[in-house]
Amino acid sequence: MSIRPLLLVAAALALAAVPARAQAPVAPDTGLTVTLLTMGQGDLVWEKFGHNALWIHDPAAAETDRVYNYGMFDFNSPGYWGRFMKGNWLYQLGVHGIDQTLYSYQYFNRAVWAQQLNLTPAQKRELQAFLENNARPENREYLYDYYRDNCSTRVRDVLDRVIGGRLRAATADSMTGTTYRWHSERLIVEDEPSYVGLAAGLGPAADRRISAWEEMFLPFKLQEQVRAVTVADASGRQVPLVAREWTMVPARGRAEERRDPPLAIPFFMVASVLISSVLLLTGMSAPRSAAARFGYSAVSAIWLLFAGTAGVALLGLWAFTNHQIAYRNENLLQLSPLALPLVLLVPCLAYGARWAARGAWLLAAAVAALSVLGLVMQVLPGLDQRNGHVIALALPVNLVLAWTVRRLAGHTRTTPAAAEAKPRTRAKAAA
């Protein structure tokens, strides 16, 4: 029997097998879906910036629907507040069911929007495997940063990873004309104490213009950018990254996200005029009126305590923490730690303590001079921190305080001499 036919058959089988081995395996589409969830604003300060998470629906898994949330933290965890103060506090990736997630946001009246993503089966499995590994106890914690490494940037980065860097390529060189401060102020304006804290605490790093890639520290901006990105599907055809989107939880009675930060300088100026006016009127009348002395002492002490404590906090953020967004803060020139000794010296001077005159005047003059320097620095190149509202508040008050302290110090130098003349006159008359 000839072996030629057998050889031909073997060769044909071998040739047929080559393409099958060379072709990359294609992951089967088993109904797995990946959806970006974006949550609206809430009532608490950290909820003002919104939130997001990734929802994976996997019919083949025991837990069909899992929501991966990089925004988990616990106030009661050991050492939380110490790490918070130092800028070293930890967030973690949490995993919950979709029903529990939606119920929670519905309970707190926060909207939830969904965007189902056009990923290939292989990309879906890669994303799922990455998140599952990241959710392991030894991997789930990360060092949180307000702007550069938060719940939204983590979601942005993992999505960019599985689509081959398409999101970053589309946004990294696109400048938005906005800054971290600009977004922070517009979103947090309704919480007045937090707004004042941010206005004082953010340093010049918050005023750098950011790209569309960096702007995705906000979940709302990530939601916008994924709409504009196209990716290759399993056949190589370019398709939108977002396959479909819908509202899962509507919010009842919530105002829309504010589009621009407020014009806050006039409000700070009004506060400054009120404080300065009280200090000026009571300071001028303090030598003759007990009520004026008390009013001047109280108002000056409150202002100096606020300014000095804020200055110590700003200096501490720069020198002893990892809150880099607060470094090199020019507000130190307006809210100076030098104000703290004046909390004692100025009231003592107002009540006629001659020993307090020189120290109070020197410190008050130094505080006022630093405020003026901070104003002058606004016109110098390379110093572009936007802190006009803090200058508007602090500079007039510090100038008025220095002027009234100088006036009171001069009064204490003449009052004792006049008081001593009267006893000598009486003694001469008695002789």
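The residues of the stretch 263-281 that are out of contact with any helix residue (DSSP H, G or I) (no Cβ under 7 Å at 6 or more places or on another chain) and not aliphatic (A, V, I, L, M), listed by number, are Pro266, Phe267, Ser277. Taken over the stretch 282-298, residues that are in a helix (DSSP H, G or I), buried (at least 16 other Cβ atoms within 10 Å of the Cβ) and among the hydrophobic types (A, V, I, L, M, F, W, C) amount to 2. Applying the set (1) surrounded by fewer than 14 Cβ atoms within 10 Å (Cβ to Cβ); (2) touching a helix residue (DSSP H, G or I) at 6+ places or on another chain (Cβ under 9 Å); (3) at pLDDT below 95 to Glu257 leaves exactly one unmet item: (1). If you check Ala365, Ala360, Ala394, Ala301 for being in contact with a Lys or Arg (Cβ under 8 Å, 6 or more places away or on another chain) and either part of a helix (DSSP H, G or I) or at pLDDT below 95 (or both), only one passes: Ala365. Tallying residues that are of a type in the set (S, T, N, Q) and within 19 Å of the chain's Cα centre (by Cα) within the stretch 39-68 yields 2. Out of curiosity, is Ser336 within 30 Å of Arg208 (Cβ to Cβ), without any contact (Cβ under 8 Å) to a residue 40 or more places away in the chain and out of contact with any His (no Cβ under 9 Å at 6 or more places or on another chain)? Criteria met by Ser336. Criterion applied to Ala313, Ala360, Ala319 was being of a type in the set (Gly, Ala, Ser) and exposed (fewer than 15 other Cβ atoms within 10 Å of the Cβ), and the one residue passing it is Ala319. Can you tell which of Leu345, Leu349 is without any contact (Cβ under 8 Å) to a residue 24 or more places away in the chain, more than 20 Å from Val196 (Cα to Cα), buried (at least 21 other Cβ atoms within 10 Å of the Cβ) and assigned by TED's automatic domain parsing to the domain that holds Ala409? Just a single option satisfies the conditions, and that option is Leu345. When Leu274, Leu315 are screened for being out of contact with any Pro (no Cβ under 8 Å at 6 or more places or on another chain), of a type in the set (A, V, I, L, M) and modelled with pLDDT of 95 or more, only Leu274 passes. Taking the stretch 123-193 and the helices (runs of 4 or more DSSP H) fully enclosed by it, the elements with 2 or more residues that are closer than 30 Å to Ala271 by Cα are at 180-188.
Of the residues examined, Leu274 is one that is in the same structural domain as Asn331 (by TED's automatic domain parsing) and out of contact with any strand residue (DSSP E or B) (no Cβ under 6 Å at 6 or more places or on another chain).
Please find, within the stretch 379-391, the residue that is modelled with the lowest pLDDT out of those that are surrounded by fewer than 20 Cβ atoms within 10 Å (Cβ to Cβ) and assigned to a helix (DSSP H, G or I). Only one residue tops the list, namely Val379.
Of all residues in the stretch 202-229, those that are in contact (Cβ under 8 Å) with a residue 12 or more places away in the chain have Cβ atoms under 6 Å from Cβ atoms of residues that are of a type in the set (Phe, Trp, Tyr) and in a helix (DSSP H, G or I), 6 or more apart or on another chain, in Ala206/Tyr180. Given (1) hydrophobic (A, V, I, L, M, F, W, C); (2) surrounded by fewer than 15 Cβ atoms within 10 Å (Cβ to Cβ); (3) in contact with a helix residue (DSSP H, G or I) (Cβ under 6 Å, 6 or more places away or on another chain), where does Leu143 come up short, assuming only one miss? Result: Leu143 fails condition (3) only.
The values are calculated or read from the model by the stated rules, or taken from the named source; none is laboratory data. Just so we're clear, the structure is a prediction, and the values are computed from it rather than from any experiment. Note: ideal-geometry Cβ built from the backbone for every residue, glycine included; neighbour counts use all protein chains shown.
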